[in-house]
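What follows is one structure encoded as C-alpha cells, with my remarks underneath.
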Amino acid sequence: MRSPVTSSTDSSVKDMFAQSAAVLSLPSPATFERFERRGGLTSALIYVMIAAVVSAVIAALFAGLHENVTFFGQLFSRLTTIPLGFLTFTGAVYLIGRSLFRGTGTYPEVAYSFALFYVPLSIVSTLISVIPILGWLVMFLISLAMIYFGFLAVQSSMNLRDQTQAIVTLVLAWIAQLVVTGVIGGLIGGLFLMGRAVTGN
C-alpha cells in the first residue's frame, strides 16, 4: 500500500521539463495521470525551488524600480513565500480533497502534478512581469491558465472526476494559501520595516 505522504520515485529536472511540455501542450486529466507517479515530493520541491530562485533573482534585480522594496527583501521573500505558498496550496488540495470528497490520491502525486505546470508558468510570468502594461495582461492570462491546469490536475491527482468537487477543492485551497502567505508575507515585511527603522535606512 502506498503511503499518502511519501514516495521513493524521483525524476531529473530534465525529465520534469519534458513532462511539463507534454502537460502544457496536451492538457487533460489523462495527461497528468501519465506523469503523476513519475516523481515524488522531493522532485516536486526541487522543481518549485527552481521557480523560486528565478523569481527571486529577477525581482531582486529590478527592486530599484520600485519604492519601499530592497534587493535582499525581494530575494528573501520570493525564496520563502513561493515554496511555502506551493506547499500550503497543494497540502490544502490533498487534505480537502481527501477529507471532504474522499479523494484517493497521495500528497506526492498532488505536489508533483501541480509542479509540472506551476513551475514553467510561474517562470514565464516572472520574466514577463517586468514589461509595463503588457506584463500585467500576460500575467492575468497566465493566472487563468494556472486555474485551468489546476482544475485538471486536481481531477487527476486526487481522482476527483466530479467537476464541482474539483472546483470546491481548488477554491478552498486557494483561500487557505491566501491566509497563510498573507500572514507570512506580513511577518517578513514587518521584520524588514523594523530593520530599516533600527538602521535608519
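The values are calculated or read from the model by the stated rules, or taken from the named source; none is laboratory data. Being a predicted model, the structure only gives us computed values, none of them experimental. Glycine also receives a Cβ, built like all others from the backbone with ideal geometry; neighbour counts cover every protein chain displayed. The protein model used for the area step is the full one, side chains on, heavy atoms only, and it has no ligands, DNA or RNA in it. Shrake-Rupley method; radii C 1.70, N 1.55, O 1.52, S 1.80 Å.
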Subset tally (residues that are free of Cβ contacts under 8 Å to residues at least 24 places away in the same chain and either at positive phi or β-branched (Val, Ile, Thr) (or both)) for segment 105-160: 7
Test: residue in segment 106-125 that is modelled with pLDDT under 90, assigned to a helix (DSSP H, G or I) and among the β-branched types (Val, Ile, Thr): yes
Enumeration of residues in segment 104-122 that are of a type outside the set (Gly, Ala, Ser) and open to solvent by less than 30 Å² (accessible area, probe 1.4 Å): Thr106, Tyr107, Pro108, Glu109, Val110, Tyr112, Phe114, Leu116, Phe117, Val119, Pro120, Leu121
Candidates Leu87, Leu61 - the one that is under 12 Å from the mean Cα position of the chain (by Cα), free of Cβ contacts under 8 Å to residues at least 60 places away in the same chain and open to solvent by 30 Å² or more (accessible area, probe 1.4 Å): Leu87
Condition met for Phe101 (in contact with a helix residue (DSSP H, G or I) (Cβ under 7 Å, 6 or more places away or on another chain), at pLDDT 95 or above, surrounded by 12 or more Cβ atoms within 10 Å (Cβ to Cβ) and of a type outside the set (Lys, Arg)): no
Any hit, segment 148-171, residues being more than 23 Å from Pro120 (Cβ to Cβ), open to solvent by 50 Å² or more (accessible area, probe 1.4 Å), aliphatic (A, V, I, L, M) and within 15 Å of the chain's Cα centre (by Cα): yes
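Can you find a residue that is under 26 Å from Glu36 (Cα atoms), at pLDDT below 95, out of contact with any helix residue (DSSP H, G or I) (no Cβ under 7 Å at 6 or more places or on another chain) and open to solvent by 30 Å² or more (accessible area, probe 1.4 Å) anywhere in segment 130-142?
Narrowing segment 130-142 to residues under 26 Å from Glu36 (Cα atoms): 141-142.
From what is left, the residues that are at pLDDT below 95 are 141-142.
Checking which are out of contact with any helix residue (DSSP H, G or I) (no Cβ under 7 Å at 6 or more places or on another chain) leaves us with 141.
Adding the requirement that they be open to solvent by 30 Å² or more (accessible area, probe 1.4 Å) leaves 141.
So far as segment 130-142 goes, yes, one or more of its residues are under 26 Å from Glu36 (Cα atoms), at pLDDT below 95, out of contact with any helix residue (DSSP H, G or I) (no Cβ under 7 Å at 6 or more places or on another chain) and open to solvent by 30 Å² or more (accessible area, probe 1.4 Å).
Which residues, taken from segment 36-58, are assigned to a helix (DSSP H, G or I) and open to solvent by 10 Å² or more (accessible area, probe 1.4 Å)? Walk me through how you get there before you give the answer.
Step one: of segment 36-58, the residues assigned to a helix (DSSP H, G or I) are 41-58.
Leu41, Thr42, Leu45, Ile46, Met49, Ile50, Val53, Val54, Val57, Ile58 - these are the residues of segment 36-58 that are assigned to a helix (DSSP H, G or I) and open to solvent by 10 Å² or more (accessible area, probe 1.4 Å).
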Any hit, segment 141-151, residues being of a type outside the set (Asp, Glu), within 24 Å of Ser55 (Cα to Cα) and not in a helix (DSSP H, G or I): no
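Residues of segment 70-84 being surrounded by 19 or more Cβ atoms within 10 Å (Cβ to Cβ) and more than 28 Å from Asp15 (Cβ to Cβ), which ones?
From segment 70-84, those surrounded by 19 or more Cβ atoms within 10 Å (Cβ to Cβ) are 73-74, 77-78, 81-82; that's our starting set.
Matches in segment 70-84: Gly73, Gln74, Ser77.
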